[in-house]
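Chemist: Here it is, the structure in full.
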Amino acid sequence: MTRWFEDIVIDEVFPLGSHTFGAEEIIRFATLYDPQYFHLDAEAAKHSHFGGLVASGWHTVSVGHRKMVDALFAEEERLRGLGKEPGVSGPSPGVNSMDFKVPVRPGDTVTYELVVTGKRASNSIPGWGLLFNKLTAVNQRGELVYLADLVGFSKLRDYRMPIRLKLMLALIKVPLIGPLLKRGS
């Protein structure tokens, strides 16, 4: 999230946009990254349990992730336009769950949303907080096609490093003391 940890509101919905999946695009993605017959060959896919060509789940995820990153950059620009300093988002320590509910077919328009469902200060990385997010993707019929629970880091704006930690970091840099401290940890 391109907001400071303190400014993030639980349950705020962030619309990420929509994407229409075309048959050629589905086949092109599958050819490069997920070459299974039900993603590659419309005729052969008719005889699969999907009953026709479907997009790779990874294709659905990749489009949603791109939409999420684009929305983060747009939020950063929006905040700068208001004269505010945007927050700092960090990496993701992982995905807690990922479910593909309904296949995405050629012509489907999928709409993505992100909701921060919880947050807490990090226990292991001083100055950072963890954000717990739900990413959803819904097709034009209102069917949930993809759902993921994601975790990401966000920097705390008002964090002040404790003097004890500052001292330890300074001592680690001292030539004779640093190696001793590193061995002891």
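The values are calculated or read from the model by the stated rules, or taken from the named source; none is laboratory data. Small disclaimer: the values here were computed from a predicted structure and weren't measured. Heads up, the Cβs are rebuilt from the backbone with ideal geometry, glycines too, and the neighbour counts pull from every protein chain shown.
Chemist: Can you find, within segment 67-106, the residue that is surrounded by the fewest Cβ atoms within 10 Å (Cβ to Cβ) among those that are under 11 Å from R3 (Cα atoms) and touching a helix residue (DSSP H, G or I) at 6+ places or on another chain (Cβ under 8 Å)?
Modeler: Among those that are under 11 Å from R3 (Cα atoms) and touching a helix residue (DSSP H, G or I) at 6+ places or on another chain (Cβ under 8 Å), it is E85.
Chemist: What number of residues within segment 28-57 satisfy the criterion of being surrounded by fewer than 17 Cβ atoms within 10 Å (Cβ to Cβ), aromatic (F, W, Y) and over 17 Å from N139 (Cβ atoms)?
Modeler: The total comes to 2.
Chemist: Kindly establish whether S154 is of a type in the set (S, T, Y), part of a loop (DSSP other than H, G, I, E, B) and either at pLDDT 95 or above or within 17 Å of S92 (Cβ to Cβ) (or both).
Modeler: no
Chemist: Could you list, in sequence order, all residues of segment 56-91 that are farther than 18 Å from G17 by Cα, among the aliphatic types (A, V, I, L, M) and free of Cβ contacts under 8 Å to residues at least 12 places away in the same chain?
Modeler: Matches in segment 56-91: L82 only.
Chemist: Which one of these is of a type in the set (K, R), surrounded by 11 or more Cβ atoms within 10 Å (Cβ to Cβ) and over 30 Å from G52 (Cβ atoms): K173, K155?
Modeler: Sole residue among the options that is of a type in the set (K, R), surrounded by 11 or more Cβ atoms within 10 Å (Cβ to Cβ) and over 30 Å from G52 (Cβ atoms): K155.
Chemist: Still on this structure: Say whether the condition of being assigned to a helix (DSSP H, G or I), over 17 Å from the mean Cα position of the chain (by Cα) and surrounded by fewer than 12 Cβ atoms within 10 Å (Cβ to Cβ) is met by at least one residue in segment 135-142.
Modeler: Within segment 135-142 (the criterion being assigned to a helix (DSSP H, G or I), over 17 Å from the mean Cα position of the chain (by Cα) and surrounded by fewer than 12 Cβ atoms within 10 Å (Cβ to Cβ)), the answer is no, since none of the residues qualifies.
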